[in-house]
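Visitor: Structure incoming, see below.
Every number in this text was worked out from the coordinates using simple rules, so none of it is lab data. The structure displayed is predicted, hence computed values, not measured ones. Note that we place each Cβ from the backbone using ideal geometry, even for glycine, and neighbour counts take in every protein chain shown.
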Ligand code: PMP
């Protein structure tokens, strides 16, 4: 007798970026923010009374949803809070895709999407991005029959954005739900968040993991028409956010300026890094995120290993479309200076060999 559902038994599961324990690395592999969270977060943690943990957390995260919607002029019934945006994506699949139904997403993109489709026992429409990792002109046609289309903007792991007018066209023409994953949106020049007012079939998700330096807290938000939010509220775990996350997350949201200033620092470091790498013979895709996808002037897998030996962890994907590249998260200026030094040494050793 099979103990496990056949779709689960067949699948590999998601492989997260390494969180090494063996030695200390400069971690440029999981797009974490190099700066600490807001001082308001430190205070909120300090002031939290563990005695309260006896009780369940507030199930609807009302305060957090209100705070998350406020900067965009959206009331809390336009907002859903999740245990990270991965939780929100799970809720999306469970709300919008039937077992045996069809879910469309672009490729290459966030490698969790196909895993969630397998978990749901649904079918895939993986739609290839074009040569430059742009959206194909016939995206909506290729997604025909899907009830959910996931588009990541800025895209991961490529870092680029798709034009806003193209996004408008996709949202207007696709008959199902369009989920726009803006996990890196705070680093970008523009956003699709406003779309939710215009299109009742559009959901935009954000996370506090990257721009707010809170990957360990697990907190994300989805924004959409209250009709869609109400359906997703039925699907979420009753107490999907714990009490500490609610308290600490609220403190961070109240200090949005701190987050925006850090994004600006990260962008400046990124642009300097790209110029330096390109002068060393790398080819880097234009990035609007806190990471870059760059093609080194040697085999990417060997450079990945050589960087690791020198204490720098980056991300290498075996996916044939990007196997000649490395994804490098943006650290502090000092970390990136060290990274560039390691790169120079590796390239010098390569030319001698
Ligand atoms: N979307 C994208 C594109 C991501 O890269 C990530 C981070 N791995 C997530 C969503 C999920 O982030 P979190 O669950 O930490 O909010």
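Visitor: Starting at 0 and stepping by 5 Å, how many percent of the alpha carbon pairs of segment 163-218 end up in each bin?
Guide: For segment 163-218, the pair-distance distribution reads 4, 19, 27, 21, 13, 10, 5, 1.
Visitor: With a cut-off of 8 Å between alpha carbons and a minimum separation of six or more residues, what is the relative contact order of the chain in percent?
Guide: Contact order relative to length: 23 percent.
Visitor: At 20 °C and 1.002 mPa s, grab the translational diffusion coefficient of segment 39-255 from Stokes-Einstein with a Kirkwood Rh over Cα pairs, rounded to a whole number in µm² per second.
Guide: 121 µm²/s
Visitor: By what distance, in whole Å, do the Cα atoms of segment 265-311 stretch along each of the three principal axes, largest value first?
Guide: Reported extents, whole Å, longest axis first: 28, 21, 15.
Visitor: Same structure, new question: How would you classify segment 70-192 from its alpha-carbon gyration tensor, with a ≥ b ≥ c the square roots of the eigenvalues: rounded for a/c under 1.5, else prolate if a/b is greater than b/c, otherwise oblate?
Guide: rounded
Visitor: Still on this structure: Just for segment 39-255, what percent of DSSP beta bridges are antiparallel, to the closest 5?
Guide: Given both bridge residues lie in segment 39-255, the antiparallel proportion sits at roughly 30 percent.
Visitor: Tell me whether segment 84-128 comes out rounded, prolate or oblate; compute the Cα gyration tensor, take square roots of the eigenvalues as a ≥ b ≥ c, and use a/c under 1.5 as the rounded threshold.
Guide: oblate
Visitor: Would you compute, from DSSP H runs of 4+ residues alone, the mean residue ellipticity of the chain at 222 nm, taking -39500 (n - 2.57) per run and dividing by the full residue count, rounded to the nearest 500?
Guide: -11500 deg cm²/dmol
Visitor: Starting from the Cα gyration tensor of segment 209-253, take the square roots of the eigenvalues, sort them a ≥ b ≥ c, and report rounded, prolate or oblate (rounded when a/c is under 1.5, otherwise prolate if a/b is larger than b/c, else oblate).
Guide: Prolate, because a/c is 1.5 or more and a/b exceeds b/c.
Visitor: Given the peptides 161-174, 46-59, 217-230, arrange them by the average over their residues of other C-beta atoms within 10 Å, most packed first.
Guide: Averaged packing, sorted descending, gives the order 217-230, 161-174, 46-59.
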